[in-house]
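Data block below; observations after.
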Amino acid sequence: MRVFLDLWGVLLDSDKMQREYGRNLARYLGARFGGDEGRWIEAHNAAWTAYVEEIESPDWDRARWASTVDRLDAAFAVSILERMHVDWRPSDPVAFSRELDLRVMSSVNARFPDARSAVERLRSAGHAVYVATQATDSNARGSLTGAELLDGLAGLFTGTSQDASKSHRTYWDRALAALAVPPQTCVLVDDRVDYLAAAHAAGVQGLLLDREGVYEPETMPAFVHATLRNLAGLPHFVDTLEAERRP
């Protein structure tokens, strides 16, 4: 089986990354440009608030996903410098924002306790493990490096590589075409039902990971094959799905 694992919420803890990213970014930029670490944290927090407002405003169906995110990410990175009254500006703001993600996120291990074991057991059973995320390539590679999971993956699909929203079937059609595999050999584990719905439209089986137990079983759409509370039972479940698929 080809197992697609979502990044944030499934493999990695976004709350932990959010807490530590600002501090580590402040240390890095403070060492590079000078200035009080606390003020860098404040600049990051203010820029992040503005970034969230901006990223929720574009009409994602009217422009290419990757170019829109590149523009917003570059503006976010430069705005931190502006808030700290740093005169230097990157000649390539997009490359600068990617550099920050790769450098800072790789310094944070935001891995959930059950993530590494699940990936290793899936691989040992002969399954190919991929990450499928809406995050950018630099976000995913940086955070997976920090979590020490990147080297164990068969591949990585991101919003950047797919240039599409993960909630659209296009994302999954492109992933399946890249792998040249039938969709019935694939399963997605995600914590968002809209992402599972888009994958299902492309023929991919879906498992919902509900770590907090917020979903009621009776409200689950029919395309959700099962709901898991953690990743401990995932390898066995994938083995079962593979056995059911065989004649």
### Message
Take the residues in segment 96-129 that are part of a helix (DSSP H, G or I), of a type in the set (S, T, Y) and open to solvent by 20 Å² or more (accessible area, probe 1.4 Å); name whichever of them is nearest to E242 (Cα to Cα).
### Response
S124
### Query
Here are some residues: A175, A201, A197. Which one is surrounded by fewer than 18 Cβ atoms within 10 Å (Cβ to Cβ), small (G, A, S) and under 19 Å from the mean Cα position of the chain (by Cα)?
A197
### Message
Pull out all pairs, ordered by first then second residue, where Cβ-Cβ is under 9 Å, the residues are six or more apart or on different chains, the first lies in segment 215-240 and is in contact (Cβ under 8 Å) with a residue 24 or more places away in the chain and more than 19 Å from G203 (Cβ to Cβ), and the second is assigned to a loop (DSSP other than H, G, I, E, B) and of a type in the set (V, I, T).
### Response
L231/V10
### Query
So L149 clears everything in (1) touching a residue at least 60 places away in the same chain (Cβ under 8 Å); (2) open to solvent by 20 Å² or more (accessible area, probe 1.4 Å) except one condition, right? Which one?
(2)
### Criterion violated by F157 - all others in (1) surrounded by fewer than 21 Cβ atoms within 10 Å (Cβ to Cβ); (2) touching a residue at least 24 places away in the same chain (Cβ under 8 Å) satisfied
(1)
#### Entry: Filter result for the condition that a residue is under 21 Å from D15 (Cα atoms), in contact (Cβ under 8 Å) with a residue 40 or more places away in the chain and not aromatic (F, W, Y), over R98, R83, R116
R98
### Query
N139 passes all but one of (1) modelled with pLDDT under 95; (2) crowded, with 21+ Cβ neighbours inside 10 Å; (3) not hydrophobic (A, V, I, L, M, F, W, C); which number fails?
(1)
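For every residue, the table says whether it meets (1) in contact (Cβ under 8 Å) with a residue 24 or more places away in the chain; (2) of a type outside the set (A, V, I, L, M, F, W, C); (3) touching an Asp or Glu at 6+ places or on another chain (Cβ under 8 Å); (4) exposed (fewer than 13 other Cβ atoms within 10 Å of the Cβ).
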site	(1), (2), (3), (4)
D6	yes, yes, yes, no
G9	yes, yes, yes, no
L12	yes, no, no, no
Y21	yes, yes, no, no
A26	no, no, yes, no
L29	yes, no, no, no
H44	yes, yes, no, no
V52	no, no, no, yes
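The values are calculated or read from the model by the stated rules, or taken from the named source; none is laboratory data. Everything numeric in this text was worked out from a predicted model, so none of it was measured. We place every Cβ from the backbone using ideal geometry, glycine too, and count neighbours over all the protein chains shown. The accessibility values were calculated without ligands, DNA or RNA, using every heavy atom of the protein model including side chains. Shrake-Rupley method; radii C 1.70, N 1.55, O 1.52, S 1.80 Å.
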